[in-house]
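Structure, as structure tokens:
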Amino acid sequence: MKKVKSVSKLKKKADKIFSEFIRSRDRGVCFTCGKVDEWKYQDAGQFVTRGCEELRFNEKNVHCQCKRCNIWKGGEKIVYTLKMQRIYGMKMVNEFESIKFKSHKHWKISELEEIINKYKKKVDKLKKEIV
């Protein structure tokens with residue numbers, strides 16, 4: 001008998017592979033302070049937190065951060081915001097800020113499976129490029 005997948009378990013799996021993608025994509029360079037480390041020792045820091053489901057898996061909302069910036073300095077929000085403005089523009093920063101107050105997304109199993117598959121492929125591709 002096939003085991004039924006739950007949304008919460010799939011979301012954890014999607015978070016894990018998405019985080020690996022972000023940290024690999026950014027080559028282990030902290031978005032806010034520039035510290036370089038192996039990607040596996042860094043975090044995936046969000047501009048708008050994962051509690052906002054609409055932006056949870058948005059590649060422009062999430063960047064590699066060192067543990068010092070992401071955890072000990074609370075995400076370095078001022079530096080993060082200024083860098084987001086410089087890279088993506090004020091319009092996108094404002095859009096992300098407004099989305100976080102309107103977030104009502106509820107994931108479907110099929111959507112999470114799609115995210116997992118998409119980012120597994122992207123991680124595999126990055127690993128081949130790095131070698």
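The values are calculated or read from the model by the stated rules, or taken from the named source; none is laboratory data. These numbers come from a predicted model, not from an experiment. Cβ atoms come from the backbone with ideal geometry, glycine included; neighbour counts cover every protein chain shown.
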For segment 118-128, state whether one or more residues are out of contact with any Phe, Trp or Tyr (no Cβ under 9 Å at 6 or more places or on another chain), over 20 Å from Lys12 (Cβ atoms) and surrounded by 13 or more Cβ atoms within 10 Å (Cβ to Cβ). no
Read through the list (1) under 15 Å from Ser24 (Cα atoms); (2) of a type in the set (S, T, N, Q); (3) over 17 Å from the mean Cα position of the chain (by Cα), then give the number of the only condition that Gln65 fails. (3)
Give the residues of segment 101-127 that are basic (Lys, Arg) and in contact with a Ser or Thr (Cβ under 8 Å, 6 or more places away or on another chain), sorted by residue number. Lys127
Only one of Ile87, Ile115, Ile71, Ile99 is β-branched (Val, Ile, Thr) and closer than 15 Å to Phe18 by Cα, namely Ile115
Among the residues of segment 14-28, are any touching a Lys or Arg at 6+ places or on another chain (Cβ under 6 Å) and over 18 Å from Leu126 (Cα atoms)? no
From Glu76, Glu20, residue being acidic (Asp, Glu), surrounded by fewer than 21 Cβ atoms within 10 Å (Cβ to Cβ), at pLDDT 95 or above and under 17 Å from the mean Cα position of the chain (by Cα): Glu20
